[in-house]
1. Among the strands (runs of 3 or more DSSP E) confined wholly to segment 241-286, which include 1 or more residues that are hydrophobic (A, V, I, L, M, F, W, C) and buried (at least 18 other Cβ atoms within 10 Å of the Cβ)?
2. May I ask you to list the residues in segment 188-200 that are modelled with pLDDT of 95 or more and either in contact with a His (Cβ under 6 Å, 6 or more places away or on another chain) or within 25 Å of Pro167 (Cβ to Cβ) (or both)?
3. State whether the residues of segment 34-53 include one that is farther than 15 Å from Cys145 by Cβ, at pLDDT below 95 and among the charged types (D, E, K, R).
4. Residues that are within 27 Å of Tyr201 (Cβ to Cβ), outside the structural domain of Gly137 (by TED's automatic domain parsing) and at pLDDT 95 or above, at least 3 per element: which strands (runs of 3 or more DSSP E) completely within segment 353-442 meet that?
5. Identify, please: which residue in segment 303-315 is in contact with a strand residue (DSSP E or B) (Cβ under 8 Å, 6 or more places away or on another chain) and surrounded by 14 or more Cβ atoms within 10 Å (Cβ to Cβ) and is, among those, nearest to Ser335 (Cα to Cα)?
6. Only residues that are out of contact with any Pro (no Cβ under 8 Å at 6 or more places or on another chain) and either surrounded by fewer than 15 Cβ atoms within 10 Å (Cβ to Cβ) or modelled with pLDDT under 95 (or both): list them for segment 70-87, please.
7. Tell me the residue from Ala376, Ala386 that is within 21 Å of Gly439 (Cα to Cα) and exposed (fewer than 14 other Cβ atoms within 10 Å of the Cβ), please.
8. Please verify whether Glu33 is without any contact (Cβ under 8 Å) to a residue 24 or more places away in the chain, farther than 30 Å from Trp189 by Cβ and either surrounded by fewer than 19 Cβ atoms within 10 Å (Cβ to Cβ) or of a type in the set (Val, Ile, Thr) (or both), treating the condition exactly as stated.
Amino acid sequence: MNVHFIAIGGSAMHNLAIALSRKGAKVTGSDDELFEPSRTRLEKQGILPASIGWFPEKITDDLDAVILGMHAREDNPELLKAKELNIPIYSYPEYLYEQSKNKYRIVIGGSHGKTTITSMLLHVVNELGLNVDYMVGAQLDGYDCMVKLSEEARFMILEGDEYLSSPIDRRPKFHLYKPNTALISGIAWDHINVFPTWENYIEQFRIFCEVIEPGGKLIYNTEDPTLKSLGEEFETKLETKPYQTPTYRITETGTIMTHEGRAYELQIFGAHNLQNLVGAMRLAESMDISNDEFLKAIKTFKGAGKRLQKVLEKDLFTMFKDFAHSPSKLKATTSAVKEQYPNRNVVACMELHTFSSLRKEFLPLYDGAMNAADEALVYFSPAVVAHKKLEPLTLEQVQNAFGGKVKVVNKTEEVLEFIHSKNWNNSVLLMMSSGNFDGIDYEKLGEELMG
């Protein structure tokens, strides 16, 4: 197999390139920018492009496939050459399906929690020594690549993102996987640049349910009213398995969960994380993993990368970083931390960074999202707003949207001043962003606060 990647440096793309190379394919690629860790990882695998840029001469008749990344444009010279030569062109999700169409596919979808659920399932699979193929959206402990492809594995575990497949394929990625078993963790409006209305967004999840293989399973979180209604629509067409938050109690080191009369000690915490865990356990059942096996194996799970990840813990100070950026994620994460540390001062800092979050019409959805925190700060960069070609935001607009006592700033220095002004004894600092507040080194910051 001879495969060329257009925009090989992307987070998902470079992992797929490495996985295909490890499977034995001849892999080449191009990109007009390459950042870490993609550059080093591609170089280690021996598939780093020799030069930066697009080179149509790399597209030749002996290619079996071209895989097109979201970062490329429709007028990309390599893409145009591939079309001219009639070489099969695949989006990232299309090619994952091609590699797994003869396997039992388990697909995890939802506006929030899908990376964590996928990570939980893979953690258990790893602990039990099972051979599976997979694609997950975060770097996990014990895994050096986010994608694995093989001939031998019976199962393919896929994180099902609802964002677009490629510059020339406007279908959501998770519409292309055709799962045998699917899970939806929750539905909260996101990606409004692509799905302009709430109804349009919900429709993408309905289509996802419709592409589940005949006789397949749909596992869904019944505590989400929209999702509960959607799940009930498919009760006569699929085997449906609703799930919800289990019985649990908080401990100093995490949580003790009760299931079928037995207590299981866990290192994770928060109602949303425990919902995720039960969802992952239902998925494991479709792989013939018993609930007891699952819950014993999940004991050592500490969380997915950048998902409520502990940066530092010292004496009575704990610092977390989290990927939370949408209103539902923000609320769930902030509430989970306060529930776990009820007697500490919880300070939550959040960066508006995504296209949706910086849109004026989306901002009202953040109302009350950080109310669980004792103190809260929201940061946005006017330069990022301008770069995304959005209408400028004012501090007052953001303040009015969030409500409560949220402090709003638009300079990174102001974020750091706010944090450094606090007494961190008996406190928790929660940093939430899909970026990094335009350059804050979380580990360094944590050490400074403890210095």
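1. Strands (runs of 3 or more DSSP E) meeting the threshold: 254-259, 262-266.
2. Scanning segment 188-200 gives a single hit, Asn200.
3. Taking every residue of segment 34-53 in turn, at least one turns out to be farther than 15 Å from Cys145 by Cβ, at pLDDT below 95 and among the charged types (D, E, K, R).
4. 375-379
5. Among residues in segment 303-315 that are in contact with a strand residue (DSSP E or B) (Cβ under 8 Å, 6 or more places away or on another chain) and surrounded by 14 or more Cβ atoms within 10 Å (Cβ to Cβ), the one nearest to Ser335 (Cα to Cα) is Leu308.
6. His71, Asp75, Lys83, Glu84, Leu85, Asn86, listed by residue number.
7. Ala386
8. The answer is no for Glu33.
The values are calculated or read from the model by the stated rules, or taken from the named source; none is laboratory data. Predicted model, so just to flag it, every value in this text is computed and none were measured. Because the Cβ atoms are built from the backbone with ideal geometry, glycine has one as well, and the counts that use them run over all protein chains shown.
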